[in-house]
Structures are given as C-alpha cells and as structure tokens.
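**Q** To start, I am sharing the structure in question, which I have written as structure tokens.
Every number here is computed from the coordinates shown, using simple stated rules; none is lab data. Every value quoted in this text rests on a predicted model; they were computed, and no experiment measured them. We place every Cβ from the backbone using ideal geometry, glycine too, and count neighbours over all the protein chains shown.
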Amino acid sequence: MPSDHPRSLNTSDQPSDPSIDASTRVTPPAERGQGDAPTEVTPVIPRPANQAAPAPRAGDSNREPLPLALGEQIAGYRVIAVLGGGSFATVYLAEHEALGKLVALKVSHERGQLPTASDEARRLAELEHDSIVTVYAEEVVPARRLRLISMQYVWGATLKEIIARAAAVPASKRRGMNLLPALSDGGSPSLVLSPALQQQRERFARLSYHDAVFRIAIQLTSALAVAHARGILHLDIKPANILINQAGRPLLADFNLAINASLLEHAHGIGGTLLYMAPEHLDACNPNDPTPPQAINERSDCYSLALVIFELATCQYPFDKQAVANVPLGEAAEAAAAERRQGVPSLATFDPACSRSLDLVLRRALAPDPAKRFESAEDFSHALEAAQQYDTLCSRLPPARWLEACCQHWPRLTMALLAMFPHFVGNVLIIIYPSVTNRSPDDLARYWVPFLSLNALVYAGTVCSVYYFAFPFIRRLRQIEQAAPDSANDADILRSDYSHTLYALLLTGLAAWAVMSLSTIGWLDLHMVLTWLMTVTVVMSYSYFGSELLLVRGFYPRLLVMNHSPRITAKRELRAASSRVSCFKLLAGITPMVGALLLVVPVADAEQLSTVRMLTTALLIFGIIGFMVATTVGGLIQRTIDALSGDIPSDGH
C-alpha cells in the first residue's frame, strides 16, 4: 500500500458524511497526493430493491452529484437503487446482467491516474471469511473516470441500527430476535428467504440475548483474526461498519481506511473514528501528540471491536460522546484518550444482570495498556468462546441459591461451621454414652478429665487449622476476583489446589474421633467400640459432604470463569472428586448399619436395657436421616461435577 494513502478521521459513530460538522471530521491535507481520491464512504446499508434513494440531508449541496442514474447500465451492471453515500463515493444496488446476481456496487470518481486495482479492492479480495463482505470484481471506466467495486449485497441492517432498535426494548425482555433485521421496512414487500436461511433465522431468534451477543462477538473476532493474519489492520471498526444479515450473521465491512501493519511506519496519517479508537490510536491521530503510527497494532483493532461488543451487550456506549463533539481534533483525541486511561468500563455498571465471564473478557480487551490486552484477535475469539462455554456450564448447575449466598456473603463463617459441626456431633455421641451407663465415680472421673482437656486442645487446633488452611483460601479467592481479569493464572493455581483445603477440613473433623478414643481408654466394651465406629462415620462423612459441597458448588465455579477451556479443565480437576463422592456415600451408609448393630448387642445391666435401646433406636433414626442427607448432598455434588465437565451439545453453528 503506498504511504500516501489518504486517511480520514471521524469523531462520530456515523459513516463519513459531509453533513457532519467540519470540526468533527478531519482529512489531513498533507496526506493527499494530487492524484489521490479519498474513498471513505457509508458502508453497504441494504435496502429493498424498490426503495428510493435517501432523501437529501443538510450539507448534501457540497456533495458531488450522483455519478450514476437509476436504471443506467454500465460495465455490465444495471443500477437499481441507491444504498448509501459518503463524501467521495456512492454505493448502489445493482444487477450483474450476465449472471442476474444482485451486488452492492461502490462507485467513486477518480481524479488522478486510473490504476488497475485499488488498495481497498485488493485488501478485501485477500480476505475469505463468512463474516467479511466479499469483493467480486473491480471495474474501471476510463471514459467517465469512474471506479466500480462489485461487492456482496447484504440484505439486512448495520449493527448501529440494530443496537438502536434493541435499546428500545427493556433489558430483561431482549432476545435474539431483537438483533435480527426486519424482513420488510413496512413500505416494501417482505423478503422471501430460502428454507435454509429461514431455518437459521428462526434458530437465531430463539437465542437468548446473551447467547446472541456471544455468537455475533465470536464471529466478528474470528473475522478480524483472518484480516490480521493477512497483516491488515481495519482501523475503523464501529457499529456502522458492521452489517447484520437476515440470519443474524455479522459481516465486517468498509476496509477503505485499512492498512498493512508492515507499512505503518511509512504512513503520514492514520484514520478512524475517535469514539471507537484505542488510547494509542487516539494518540497517533492527535496532531499535538508525538506518538508514531507504529504504536497502533492488532490490539488496537481488538480494543475497537471490544467497544462495539460492549455497546451491543448493554445497548449503551460506555464513554462520554460529548467529549469529542464539535471540538478541535487535538482536544477531542486527548480528551478521549484520557477518559479511556482513567479506568476500564464494566458491563455490570450498565447491566447488573450481565454475564461476568463476558465482562472479564471485555475488561481485558479494553485495558488502557496494550500489553495487558489479548495478544491477537484469535486469542480474543478463543476467550469469548471459553466465556460462552463457561456460562453454558453454569446454566446447567443444580440450583443452590442458599449455598451461593452463604459463599458470597459469609464464606468464612460457613467454612468454620462446616469444620466444627463434626466435633459437636462426636461430642454429643460420646457424652450420651456414659450418661446412660452406670459407671462408678472413679470411672467417670477418668473419663471426663481427659475428655474435657483434649476437647479444649482439639477445638483450639480446629480453629488454628481453619484459620491457617481454610481462611487463606477465601482470602486468595477474593483477591483473585478483585484483580480479575489479570489474575487468571492465580485462579488456575488456587482452583487446582482446592483439594488441599478439603483435606485440611477433613483432618479437622477427625479430631473429634481422636478426642473420644483417647478419653475412653481403659474402659472399653462392645457398645463403646460400636459408638466409636458410628462417630467415625458421622465425623468423616458429614465433614466431607459439607466441605466438598462448599468448595465444588460454592467456590470452584467462581475460579473457573477465566479459564481458557473450562469444560476440559473441570473434567480433569474434578475426576478425583467424583470418586470421593462414591466412597463417602458408602461410608455414610455404614452409620445406620452400626446403629442397627447397637440394637442387637446385649446389655450387661438389665436395668439399662430400655434406656440403651431407646438411645440406640434414636441413633439408628439419626443415622438413617443422616444417610439420606448425605445421599442428597452427594447427589448435588455429583450433578455439579457432571454439569461442569459434561459435553455441551452443538447448536449446529
């Protein structure tokens, strides 16, 4: 691409147009060679074939007359309607007469020499992607000094128009259908779609707004990755330069300001739209800033696209548009760059019900420092795919709002109670046994003194264990969430080590059994042995199921949100947890069995028979209830594991 290719700056979110105030649109004169013909135009805005040309607007008197008349035939094309126009070119709906194919025909005047192919046509011809407008051919008409670029005709609307229409719908009621162009504008016959296209449109319409945004975002980042792989920077990504067809597929258009990245150092000026520029792009366009054009790279395009996705997700622009309106270019660029560097916008600020995973991806893509953004559009696309996968996995999680609330608002208290609960259960069992047996005062003294002493030590040890092993997990989790999205690696480390916290809580629960066993040495009998066994099963199973549920259902998904492959990661990391669930279900089943054995064990003192039988019956009932609770909780844990690690069915796209 020649270094003197014209560059045009636009501070509005509209396509370039002479009706925009001169102070908001600048074309650096030093960048125009004598023979250069600026080519910034309105993108292909599809209209029905019988729709009239746009009505004249303020400023149109300064525009050159339309080069072609409706119905005119030129270079094998028949002009049908005007689709749109800019300062230097007009886009028509035309029919290729030999093929009978509708095309978007971009026509511009050439003031200098007529080369065989324009830069824009060459750039678009290199790009093959379903979400990039296709160039079919380029024709030059020397006699009339006209250049014709034949492009894919997209019957639909610009993303800017789509967002404006979606914004009129309450956020809670938006669906995929709100992002589809109308089949008719009300004054024209409805478009008749092919069966395949109609099926795609219906599938898109059934999507949630959240899923529709993800689909459009992933397709656009994938298209941008193809352009970047060819070394092409778009430089003017904005809603007005993106088309949405009738099936909901976005198409990236208007590459007339694009440039090969390797030629940036030779460029005399860089164009774009201030509202959607990255900070470094704004600096390079600021005549008062020494930042060279080489500061712009693929990450700058990704920033612009992230802004577009942000606006699509919230139907709101995150920055102040008035800051760049009707002010000199230097002041507008400086103000916009300063606002972007003040902080990264968050989706949650505009929509509290937004996807946290999408928010984290966009926050990284919108980082003021290019080094903190995704390295490429391909990485950006993969991150969006992972975020959508994460949201799909979370949507399949079994409901547990009470647990989520406890983990969110009282995580330390919840974890401490789960760790201490087995102690209380074990103590109740060991206190009951001597209370219903006729022991001598000396026996009770030998029992209660070590029991109370060891309890004091174990409870102190439990508190220390929870404080030094469990609480740091909570602290690190909160630090990771506050530092997101820059803490993805820390989240991976903490998530993979969550089992260490689980084992610390289990060992804490075992302390209750240790207290009982040590405090009863010297007066063992069969009833006491069975009581020990019941205590072990209660302590271990209750401690496990409560702790595993807390970690797997309450905390683990929160640590998975930034992972690049959440389903595969969860499948690998939770494989051991699935095995543990089965083992501890078996352990929990032993509790009522031990209670049943206690019923049939003979009692030496007949006077104690009724009391002991009543106690063991109560323990048996308690064990059965406990087993049912453990089974329910174990099922909840297993369903959580299956939801996070199970396959996700494809929707056919």
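**Q** Only Cα pairs under 8 Å and at least 6 apart count here; give the relative contact order of the stretch 211-296 as a rounded whole percent. Walk me through the intermediate numbers first.
**A** Details: 90 pairs, mean separation 21.0, N = 86.
That works out to 24 percent.
**Q** Arranged from highest to lowest average of other beta-carbon atoms within 10 Å per residue, in what order do the peptides 367-373, 596-602 appear?
**A** The most tightly packed comes first, giving 367-373, 596-602.
**Q** Turning to a different aspect of this structure: Cβ neighbours within 10 Å, averaged per peptide: list 627-640, 165-178, 377-390 in order, most packed at the top.
**A** Top of the packing list down: 377-390, 627-640, 165-178.
**Q** If you bin the C-alpha pair distances of the stretch 187-284 every 10 Å from 0, what whole percents do you get?
**A** 13, 36, 28, 16, 7, 0
**Q** Let me ask you something else. Sorted by average packing, counted as other Cβ atoms within 10 angstrom per residue and highest first, what order do 574-582, 616-624, 551-559 take? Spell out each step's value before the answer.
**A** Numbers: 574-582: 15.7, 616-624: 18.2, 551-559: 21.8.
In descending order of packing, they fall as 551-559, 616-624, 574-582.
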